[in-house]
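One structure below.
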Amino acid sequence: MSAAADPGSLDALRARYGARYRWLLLLAVMVGTMASIMSSTIINVAIPDMSHHFTLGQERAQWATSGFMAAMTVSMLTTPWLLARYGYRRTYSGCMWLLLAGGVVGGFANDYPLVLAARVAEGLAAGVVQPIPAIIILRAFDSHEQGRASGVFGMGVVLAPALGPSIGGLLVDAFGWRSIFFMVVPFCVASLWLARRFVPTTSPGGGAANPQGNALDTVGLLLAAAGTLCLLNGLVQLQGGPPLGALGLLGSAAGLLLAFIAWQRRPRRRGTAEPLMNLALFADRRFAMGSIVAFIYGVALFGSTYLLPVYMQLGLGLSASAVGAVLLPAGLVLAVCIALVGRLADQQPTHRLVSLGLLLLAASFALMLTIRLDRPAAIIPLLMVWAVLGRIGLGFILPSLNIGAMRGLQRPLIPQGSSVINFLRMLGGAAGVSLCGIVLEWRVAAHGVRLDSGPPSAARLAAFDETFVMLALICAAALWAAWRLRDAPRAAHPAGQ
């Protein structure tokens with residue numbers, strides 16, 4: 001069936017719904033992205049309870065997060081190929097079914113390996129889905145509307161992780177860790193219904209999907225997957241493992257990175273697999289600098305997303321429901337801030353918004369050092385204030401970075417650009433989760449205390465403080481690249497999917 005005769009094609013859906021269609025399409029993919037983001041962050045509230053249930057150490061329980069992140073990171077690189085081969089609807093719906101299955105299996109699992117397998121399945125689905133909204137925003141909206149669309153999308157998406165820890169904390173306290181897996185189920189069901197109505201069957205550019213198109217760059221995908229796993233395992237081995245083993249894995253990760261770059265630069269014959277990552281993207285200075293910021297930002301964001309609930313429960317002795325209550329105001333502020341900054345992103349230079357956001361995020365980490373166990377009355381108020389400050393920083397970064405970094409790209413490179421910048425952000429995130437775990441365990445051992453036994457103590461809190469200082473320094477390091485985003489030209493793109 002041709003694209004023109006297909007009632008689910010982009011042209012047919014535009015004709016049916018008119019000018020409002022681009023917003024309906026954004027709503028449809030927003031619900032699925034909310035489910036994928038919720039599944040990536042809500043597990044952190046349940047890590048202590050899950051660790052106790054399966055009698056795991058903190059480092060093994062952490063793999064419920066790290067395994068998800070590794071799978072999500074690698075699968076992002078396949079999004080452009082899947083969209084071109086199967087179209088938006090089949091790709092998106094298939095991911096929602098996989099995410100739904102992962103939530104159900106994880107919720108009923110009685111063995112920790114099965115929990116990990118469910119988390120990996122959820123990660124694979126989430127990775128493919130997350131680059132899609134930026135592709136749609138850059139193709140379906142005019143340049144003067146892209147910031148607003150990104151703000152509206154971001155406001156909706158952050159409500160999931162904003163409400164997720166609060167609801168998840170209550171569920172963990174009332175029903176145990178299993179309940180948090182089932183939270184994604186209603187979002188997945190709703191997204192499947194919306195996909196049948198509003199997500200086109202066509203591929204990027206509006207043409208029909210081509211199931212007989214170019215093959216997937218499996219060699220590049222295997223190199224990227226192996227390199228990511230070596231990096232994460234190497235970081236974990238640094239956490240109490242043999243030093244030679246850790247160095248060997250990290251050296252292998254570096255070697256695989258070089259091999260991946262060489263393979264992507266290799267000339268391709270017509271009809272063979274296209275490169276998984278088109279290195280021509282980095283010729284655009286705005287994109288190159290945005291990629292550096294995205295990686296470092298991923299380290300800080302996902303590292304802190306893992307660290308904060310553990311800090312509040314094991315460092316300060318708060319319950320899971322109290323953690324959710326502390327994080328709820330910050331999440332709501334983030335949603336409002338993203339909507340407001342989204343409008344500014346159409347008027348203000350990207351480098352100013354991103355740099356201000358990084359400064360606020362770094363300050364929120366550094367100010368965690370003001371929280372002390374000998375001032376219990378001030379703990380909750382200070383946690384809320386510093387969490388809100390950090391989320392305001394995120395509100396300046398999120399609507400600006402992806403759109404600003406990709407505005408200079410040629411239209412055919414937009415799907416790859418969205419995939420790559422999300423890949424680098426998630427690679428930083430996967431490394432950040434492991435890095436926070438490593439630094440925390442190191443500093444806990446240096447202070448002569450245990451992380452998972454005994455009441456909160458000043459020595460244990462000092463270990464958390466030193467980990468927060470590391471995150472603040474990482475955010476500060478990203479300012480150099482963020483400020484250089486101003487040098488790239490800003491190109492306008494006409495609307496068109």
- line: Filtering region 220-260 down to residues that are under 22 Å from residue 79 (Cβ atoms), out of contact with any Leu (no Cβ under 7 Å at 6 or more places or on another chain) and modelled with pLDDT of 90 or more yields 222, 257
Neighbours by Cβ (under 8 Å, 6+ apart or cross-chain): first from region 295-321, assigned by TED's automatic domain parsing to the domain that holds residue 418; second outside any helix (DSSP H, G or I) and surrounded by 24 or more Cβ atoms within 10 Å (Cβ to Cβ): 296/478; 297/478; 300/478; 306/62
query: Considering only residues of region 397-449 that are charged (D, E, K, R) and at pLDDT below 80, which is surrounded by the fewest Cβ atoms within 10 Å (Cβ to Cβ)?
result: 411
field: Test set (1) modelled with pLDDT of 85 or more; (2) more than 24 Å from the chain's Cα centre (by Cα); (3) among the aliphatic types (A, V, I, L, M) - residue 56 fails condition number
entry: (1)
field: Those residues of region 296-318 which are assigned to a loop (DSSP other than H, G, I, E, B) and either farther than 24 Å from residue 456 by Cα or not aliphatic (A, V, I, L, M) (or both), in sequence order
entry: 317
query: Can you name the condition, by its number, that residue 336 falls short on among (1) in contact (Cβ under 8 Å) with a residue 40 or more places away in the chain; (2) surrounded by 17 or more Cβ atoms within 10 Å (Cβ to Cβ)?
result: (2)
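Considering every residue within region 36-47, establish whether at least one is in a helix (DSSP H, G or I), modelled with pLDDT of 85 or more and outside the structural domain of residue 230 (by TED's automatic domain parsing). Break it down into steps so the answer makes sense when it comes.
Start the filter on region 36-47 by keeping residues that are in a helix (DSSP H, G or I), which leaves 36-41, 43-47.
From what is left, the residues that are modelled with pLDDT of 85 or more are 36.
After this cut, where a residue has to be outside the structural domain of residue 230 (by TED's automatic domain parsing) as well, the list is 36.
Taking every residue of region 36-47 in turn, at least one turns out to be in a helix (DSSP H, G or I), modelled with pLDDT of 85 or more and outside the structural domain of residue 230 (by TED's automatic domain parsing).
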message: With the structure loaded, tell me whether residue 362 is in contact (Cβ under 8 Å) with a residue 60 or more places away in the chain, in a helix (DSSP H, G or I) and in contact with a Gly (Cβ under 9 Å, 6 or more places away or on another chain) or whether it fails that test.
response: yes
task: Kindly indicate whether residue 386 is over 21 Å from the mean Cα position of the chain (by Cα), in a helix (DSSP H, G or I) and more than 30 Å from residue 148 (Cα to Cα).
output: no
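If a residue must be buried (at least 24 other Cβ atoms within 10 Å of the Cβ) and assigned to a helix (DSSP H, G or I), how many such residues does region 119-132 contain? Outline the logic, then answer.
Our first condition is that a residue be buried (at least 24 other Cβ atoms within 10 Å of the Cβ); within region 119-132, this holds for 119, 122-123, 125-132.
Applying the additional criterion that residues be assigned to a helix (DSSP H, G or I) yields 119, 122-123, 125-129, 132.
Of the residues in region 119-132, 9 are buried (at least 24 other Cβ atoms within 10 Å of the Cβ) and assigned to a helix (DSSP H, G or I).
Just the residues that are in a helix (DSSP H, G or I) and charged (D, E, K, R), please, taken from region 334-359.
Of region 334-359, the ones in a helix (DSSP H, G or I) are 334-344, 350-359.
Once the filter is applied, which keeps residues that are in a helix (DSSP H, G or I) and charged (D, E, K, R), region 334-359 yields 343, 352.
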- request: Could you check residue 468 against (1) closer than 29 Å to residue 287 by Cα; (2) at pLDDT below 90; (3) buried (at least 21 other Cβ atoms within 10 Å of the Cβ) and say which number it fails?
  value: (2)
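I need the full set of residues from region 211-266 which are assigned to a helix (DSSP H, G or I) and within 30 Å of residue 201 (Cα to Cα), in order please. Write out each step before concluding.
Step one: list which residues in region 211-266 are assigned to a helix (DSSP H, G or I), which gives 218-237, 243-265.
Within region 211-266, 218, 219, 220, 221, 222, 224, 225, 264 qualify.
The values are calculated or read from the model by the stated rules, or taken from the named source; none is laboratory data. Fair warning: this is a prediction, and the values are worked out from it, not measured in the lab. Every residue, glycine among them, receives a Cβ derived from its backbone with ideal geometry; neighbour counts consider all protein chains shown.
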